[in-house]
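In what follows, a single structure is set out as C-alpha cells and then discussed.
The values are calculated or read from the model by the stated rules, or taken from the named source; none is laboratory data. Only a predicted model underlies this, so the values are computations on that prediction, with no experimental measurement involved. Note that each Cβ is placed from the backbone with ideal geometry, even for glycine, and that neighbours are counted across all protein chains shown. All accessible areas refer to the heavy atoms of the entire protein, side chains included, with ligands and DNA or RNA removed. Shrake-Rupley method; radii C 1.70, N 1.55, O 1.52, S 1.80 Å.
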Amino acid sequence: MSENLPEMPYLRNIGMVVTYKCQVACPHCIIEAGPHRKEEVKLDDASKWIEQIANYRNGYIKVLSLTGGEPFYDLNKLAALSSFGEKKGLFVSAVTNAFWASTPKIAVNTLKNLSAIKMMAISSDAYHQKCIPFERVKNAVNAAKTLGIPFQIGVCTENLDDEDYKKIVHKLEEITEPDNIKTAITFPVGRALKIKNPKYVSSTEPPASACSAGSSPIIFPNGNIIGCIGPVINIKTDHPLLLGNLQLNSLKEILDNSETNPIYHAIRIWGPRKLVTLANDAGLAKFLPEKYVKDSVCHACYSLVSNRRIRTFLQSLARDPEFRRKVAYARLYYLRESRMFELMKGELLKQTV
C-alpha cells in the first residue's frame, strides 16, 4: 500500500466537464480542448444530472467540480450550473486558466457574479502562459484572496528540472504560498502525443503510488461517467474505468455498481503498479511498456487500460473471487471504506465456507 492515500473519500466529489471549448489549445491537453471544439453539456442534461448528484444516498456527495475545457468560456452557463448546484446543497468548485482576469477589477467582478463558486483551481504553467499573460493568473489569485475564495494552482510539466517550469513556480510563489501550488507530470496522451522532443524522464518501473484522482468520477457531455479526469478518457472502447452512461442508466445505478468494481478500486488503493505486476506474472510483459514516464501514475494506468490484451486480462481478473475479496478487504483496511465489503458480504461469506 502506498503512503500516498487518496485526498478525498470515494464519491464525496463529482466532476462535470462543462465544455470542450477553450480560448487556447495547449500542447499538453489530454482532451484536446480548444476554440474549434463544439462539444458542451446541455443545460437540461446538466441540471438533471446535478439533481441526481444532490439526491444520491441522501446527500452523500458534497462537492460538484466544474471543469473543461474552460468552464469560464460561457459565463452565463457557468453561473446557471453553479447556482443550481449551490441551490441543491452542493459545494461548487471550478477549474480555470484565468483568461478572463484581464484587469484586477474585472477579475473581482467576474467572481462576484459567480458567487456560487466556493473554490477555484487555476491552471498556470509554461503551456498556458504561451497564450495567457501571467498577469491574468495574478489577477485571478488576488481576486480570490479579496473575496475569500480558497484556491489551488495546478502546474503541469514534463520534467521537474525544466527551467521554464522552475520559472513559473518561482513566479507563483511570489503571489501565493507553496502549499497552494500542485504539480502534475504530463504524459503522452491526447495533444501531448504531438509534442516534439518531449523532456520526459523515463523509468523501467511504474510509480509506486496510489491514485488520488480516482476518488472523484467525472461526467462528460455525452453522459459518460469515467473514474477520473486522466488519460483513460481518450480510450474509445469499453474499459474498467468507464463506469457507465447517464443516457442509459441513472447516476445511482452507475455509482452503486462502481462500488464493486475491483480494478478501479485496486488502482485507488495500490496504484497501477499492482496491476502491472499481476499482468507480468500472467505472462503479459510484452504487452506492457518497456519504460514509463517517471512519477506519472496516469501514464502507467493508461498503458494498462489502453492495451486490448491487458484489458482482457483485467476483465478476467475482475471476476476472480480471490482478487475481489482482497480489494474489498483492502478498501476497508486502508481507506476505511466499508461500502464494497457490505455490498459483497454474501459473496465473501461463501468464500469462507
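Give me the percent of accessible area attributable to carbon and sulfur for the chain, probe 1.4 angstrom.
Percent of accessible area from carbon and sulfur atoms in the chain: 50.
Once R0 is set to 51 Å, what does the formula 1/(1 + (r/R0)^6) return for the Cβ-Cβ distance between Ala285 and Asn180, expressed as a FRET efficiency to the nearest 0.05?
Values: r = 41 Å, r/R0 = 0.81.
So the FRET efficiency works out to roughly 0.80.
With no solvent and one point per C-alpha, what does the Debye sum give as log10 I(q)/I(0) for region 12-101 at q = 0.11, 0.15, 0.17 Å⁻¹?
-0.30, -0.55, -0.68
Once the Cα atoms of helix 163-173 and of the chain are each reduced to a long axis, what angle between those two axes, in degrees from 0 to 90 to the nearest 10, is obtained?
70
Using R₀ = 51 Å, calculate the FRET efficiency as 1/(1 + (r/R₀)^6) where r is the Cβ-Cβ separation of Arg308 and Asn113; round to 0.05.
Efficiency at R0 = 51 Å is approximately 0.60.
Taking a probe of 1.4 Å, how large is the accessible area per residue of the chain, in Å²?
47
Looking at the chain, send over the antiparallel percent of its DSSP beta bridges, to the nearest 5. It would help to have the intermediate numbers written out before the result.
Values: 8 of 35 bridges.
Once the DSSP bridges in the chain are tallied, antiparallel ones form about 25 percent.
Among (1) 5, 24, 33, 26, 10, 2, 0; (2) 6, 25, 32, 22, 12, 3, 0; (3) 5, 22, 29, 22, 13, 7, 3, 0, 0, find the value of P(r) over Cα pairs in 10 Å bins from 0, in percent that was calculated from the structure presented, and write down its label.
It is the value labelled (1).
Sorted by average packing, counted as other Cβ atoms within 10 angstrom per residue and highest first, what order do 32-44, 289-301 take?
289-301, 32-44
Determine which aspartates and glutamates satisfy two conditions relative to Lys326: a Cα distance under 20 Å, and not lying fewer than 8 residues away in the same chain.
List returned: Glu3, Asp256, Glu259, Asp281, Glu337, Glu342, Glu347.
For the chain, with a Gaussian network of springs between Cα atoms less than 10 Å apart, report the residue from Val95, Val201, Val18 with the top mean-square fluctuation.
Looking only at Val95, Val201, Val18, the biggest GNM fluctuation is shown by Val201.
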